[in-house]
Amino acid sequence: MSEAKAEVEPVSVWNAARNLTRPKLHDETLRDGLQNPTALDPTVDQKIEIVHLLDEIGIDSVNIGLPAAGPRPYADCIAIAQAMASSKLKISAAGAARTLVQDIGPMADVTQKTGVVMEVMTFIGSSPIRQYVEEWSIELIRKRSVEAIAFGVKEGLPVTYVTEDTTRTPPHVLRELFMAAIDAGAHRLCLCDTVGHATPDGARNIVEFTRNLIAGMGAEVGIDWHGHDDRGFALANALAAMDAGADRIHGCVLGVGERVGNTSLEHLLRNLERDGRYGTWKTEKIAELCEKVYLGTEFPPRPDHPYFRPSA
């Protein structure tokens, strides 16, 4: 008598998603991740090793720093970009900048000196509380944003417009800023859950709002999702944003980042691969990547981390 063999489906019927498009993955470990007060700034050699591993795994882009922050960040960006060029890595480079021409100029310099095109991720606060603290008007935010984006585009660089605290910003403000950014030449909009305010429903809603706005303008503009874990929703929000149409998701190795951290890149990778519908990444390199980031930052992983250290 033969035993009946159960059908094992790689994807549970209960986990059906609306959006099966493979997302791009963007790493923020070496920029936003280092905002954690307990994380050390790795040496440039350690940063280069981390970028190599991200490339091996199949991550699409990496933020290599804020070159306008000073001589060392600038030198590190040059060295990392040169290493990326000499090794012919597939991963693309990005850098952070305030919405100031003087912040974007150094990124143009890095591109000219290394041949590696730097994506400009230019950021400014947009929520009412940020407006109050900084004493900014919407008109000032819009003006600074347009000037910065236009300068980056003039320099031949792709520009992502990053509104800090997007998830606490009213729709009418986002509409005004996003439309101005797109008209100025931004090729992507980055939605930031800067203080971990959003729920998965909120992530879906704001992505759908942004998609509708872009469609209404007849523009071809990508949507990034950048999340933090203050409420413990970072991973769930990232997956919800992706399901709603965000085509690039940010993460940091070990979840390192401001306060309680950013979306964990390794958890995001494992969930996408385990799902089985989005292709594969070289996830066997995750433990090595986590080890490199730990050694470079001395940021300790959770003792119950599922992919790295004692409990893995």
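Residue-by-condition table, conditions (1) touching a residue at least 40 places away in the same chain (Cβ under 8 Å); (2) out of contact with any strand residue (DSSP E or B) (no Cβ under 8 Å at 6 or more places or on another chain); (3) among the charged types (D, E, K, R):
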residue: 121; (1), (2), (3): yes, no, no
residue: 124; (1), (2), (3): yes, no, no
residue: 131; (1), (2), (3): no, no, no
residue: 134; (1), (2), (3): no, no, yes
residue: 154; (1), (2), (3): no, yes, yes
residue: 160; (1), (2), (3): yes, no, no
residue: 164; (1), (2), (3): yes, no, yes
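Okay, residues lined up against (1) under 17 Å from the mean Cα position of the chain (by Cα); (2) at pLDDT 95 or above; (3) under 26 Å from residue 224 (Cα atoms):
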residue: 249; (1), (2), (3): yes, yes, yes
residue: 278; (1), (2), (3): no, no, yes
residue: 307; (1), (2), (3): no, no, yes
residue: 310; (1), (2), (3): no, no, no
Selection within region 139-164 - more than 27 Å from residue 129 (Cβ to Cβ) and among the aliphatic types (A, V, I, L, M): 150, 153, 157
Filtering region 136-152 down to residues that are without any contact (Cβ under 8 Å) to a residue 24 or more places away in the chain and either among the hydrophobic types (A, V, I, L, M, F, W, C) or touching a Ser or Thr at 6+ places or on another chain (Cβ under 6 Å) (or both) yields 136, 140
Taking the criterion of being surrounded by fewer than 21 Cβ atoms within 10 Å (Cβ to Cβ) and at pLDDT 95 or above, would at least one residue in region 3-21 satisfy it? no
Take the residues of region 179-234 that are of a type in the set (D, E, K, R) and assigned to a strand (DSSP E or B): which is farthest from residue 149 (Cα to Cα)? 193
Selection from region 282-298 of residues that are in a loop (DSSP other than H, G, I, E, B) and within 18 Å of residue 44 (Cβ to Cβ): 298
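The values are calculated or read from the model by the stated rules, or taken from the named source; none is laboratory data. Here the structure is a predicted model, which means the values were calculated and not measured. With ideal geometry, Cβ positions are generated from the backbone for all residues, glycine too; neighbour counts draw on all protein chains shown.
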